[in-house]
Structures are given as structure tokens and as C-alpha cells.
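Structure first, commentary second.
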Amino acid sequence: MDERELTALGQLLAERICGTNEAFCMQLLRLLGQGQPVSAAQMGEALGITEVAATETFQRMPDIERDEMGQVVGWGLSLCTTLHQFRINGHTLHTWCALDALTYPILLEQTAHVESSCPITQTSIRLRVSPVGVSALDPATAMVSLIIPDTHPDACNRASFCNQGHFFASPQAAATWQADHPEARTLPVEVVYQLGRIIATRRHHLSTQQSPAAHTQEGHS
């Protein structure tokens with residue numbers, strides 16, 4: 001994939017998955033990154049909005065995970081176990097998909113240690129992801145799958161998007177999976193990291209423009 005194609009694909013992905021309340025979502029990711037459930041009161045205090053406004057915004061966010069007390073424990077970055085372990089700030093968290101694991105270190109400006117498992121070979125895949133790049137990738141042949149949503153961000157959800165985002169041990173394993181998922185693309189880890197950088201840039205830009213109390217439904221993390 002040449003630079004022009006990569007940029008075009010990254011911009012398309014960013015348009016399809018970035019929502020209309022990114023300032024709120026960025027703050028939620030920062031708080032989840034501290035390894036504890038997040039309450040509406042915490043969000044309100046962090047953003048200078050009322051607890052009621054924070055609660056209403058939570059209610060409009062698709063696929064949000066809560067604990068028995070109603071606190072948020074997951075939205076893209078999660079305290080609940082998934083296939084993609086994400087260690088940051090001394091906390092063991094998880095992400096909903098491989099793209100998230102490659103994008104959040106850029107968004108959060110921190111280094112994460114990621115461990116996942118190939119759904120075809122069950123091989124463990126390990127890597128270090130920082131704001132400046134990917135290192136210690138093992139195996140070096142690892143690939144990532146992703147779906148290009150064909151709808152606006154409000155319709156992008158965990159089932160249709162995140163659940164199709166995997167790490168694979170090799171191009172051969174990725175091709176085996178893709179044969180049953182022709183709507184997906186499989187790309188090298190470094191390429192998907194660069195796509196994540198484009199997405200992160202758009203999210204940072206949007207977060208400076210949008211009100212944290214905007215009353216619109218959110219797209220995917």
C-alpha cells in the first residue's frame with residue numbers, strides 16, 4: 001500500500017468511526033486508562049458539566065459496558081476481558097479490537113504492551129505500541145483485520161466493526177480467516193498503526209471543536 005492509498009483509507013476510516021462528541025469520549029478513555037470504573041460524577045467534574053448531562057451522554061453511547069453500580073467499565077477500552085490485553089499505567093485492561101489496541105497509545109500519549117491471540121492458529125501475538133510507533137512485534141509477520149464501515153458513525157457498533165478486528169500470526173492465517181469474511185481487509189500491523197495515527201489526529205481535532213455535553217449519539221471508540 002503506497003502512502004496515497006494509506007492516507008485515503010485512513011481518512012475514510014476516520015470519517016466512518018469518529019463521532020460527534022469526541023471531547024467526551026477522549027476524557028472517558030483517559031479515565032478508563034487509570035484502571036477503575038468511571039462514574040457520571042467523575043466525568044462531570046473532569047469536563048465541567050453536570051452529572052445529569054454526563055449520565056445522559058452515557059445513555060446515548062452504543063455498546064457501553066457498566067458494572068452493577070452503573071459505572072462505566074468499558075467503551076473501546078475496557079476493564080472486562082477480551083481477546084486483546086492492553087497493559088498501560090501499570091493496569092491490565094483490554095480493547096474491543098486490534099485497531100483500538102494500535103490507536104489508543106497515540107490518543108493517550110502513552111506506551112502500551114499488547115498481547116492477543118490469533119483466532120486461526122491460537123498463536124500469542126505480543127507487541128509494544130507507543131505514540132511514535134510499534135516495536136517488539138512477535139511474530140514479526142503478524143497481520144490485522146478490519147472492516148471499513150459503509151455507514152455513518154452512529155451506525156458503527158461493536159458487533160459489526162470491533163468484533164471483526166483481530167491480530168493474526170501470519171499472512172497465511174489472515175488469508176484463511178478472510179476467506180470466510182470477504183468484507184474485511186487484512187493488513188500488516190505497521191500499516192494499521194499508521195491508519196490509527198490518522199484516526200487519532202482526526203479525533204484530537206474534533207475533540208477541540210465539540211462540546212463535551214453535545215446531545216448526539218456516539219460512534220465507535
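The values are calculated or read from the model by the stated rules, or taken from the named source; none is laboratory data. Predicted model, so just to flag it, every value in this text is computed and none were measured. Neighbour counts are summed over all protein chains in view; Cβ atoms, including those assigned to glycine, are modelled from backbone coordinates with ideal geometry. Keep in mind that these areas ignore ligands, DNA and RNA; they rest on the heavy atoms of the full protein, side chains included. Shrake-Rupley method; radii C 1.70, N 1.55, O 1.52, S 1.80 Å.
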Strands (runs of 3 or more DSSP E) wholly inside the range 55-171 that include at least 3 residues being at pLDDT below 95 and exposed (fewer than 15 other Cβ atoms within 10 Å of the Cβ): none
Residue selected from the range 23-42 under the condition part of a helix (DSSP H, G or I) and free of Cβ contacts under 8 Å to residues at least 60 places away in the same chain, by the criterion most open to solvent (accessible area, probe 1.4 Å): Gln42
Tally, over the range 55-72, of residues that are without any contact (Cβ under 8 Å) to a residue 24 or more places away in the chain and among the aliphatic types (A, V, I, L, M): 1
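Per-residue answers, yes or no, for (1) touching a strand residue (DSSP E or B) at 6+ places or on another chain (Cβ under 8 Å); (2) among the β-branched types (Val, Ile, Thr):
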position: Glu51; (1), (2): no, no
position: Phe58; (1), (2): yes, no
position: Met69; (1), (2): no, no
position: Thr103; (1), (2): no, yes
position: Gly133; (1), (2): no, no
Scan of the range 195-221 for residues that are modelled with pLDDT of 95 or more and open to solvent by less than 60 Å² (accessible area, probe 1.4 Å), ordered by number: Leu195, Gly196, Ile198, Ile199, Ala200
Qualifying residue in the range 4-22 (condition: open to solvent by 60 Å² or more (accessible area, probe 1.4 Å), in contact with a Cys (Cβ under 8 Å, 6 or more places away or on another chain), under 20 Å from His205 (Cα atoms) and modelled with pLDDT under 95): yes
Evaluation of Arg185 against (1) at pLDDT 95 or above; (2) within 22 Å of Trp75 (Cα to Cα); (3) open to solvent by 30 Å² or more (accessible area, probe 1.4 Å) (one fails), failing number: (2)
Cβ pairs under 9 Å, 6+ apart, first in the range 1-19 and in contact (Cβ under 8 Å) with a residue 12 or more places away in the chain, second among the charged types (D, E, K, R) and loosely packed, with under 14 Cβ neighbours inside 10 Å: Arg16/Asp150
Complete set of residues in the range 57-89 that are closer than 19 Å to Val134 by Cα and not hydrophobic (A, V, I, L, M, F, W, C): His84, Gln85, Arg87, Asn89
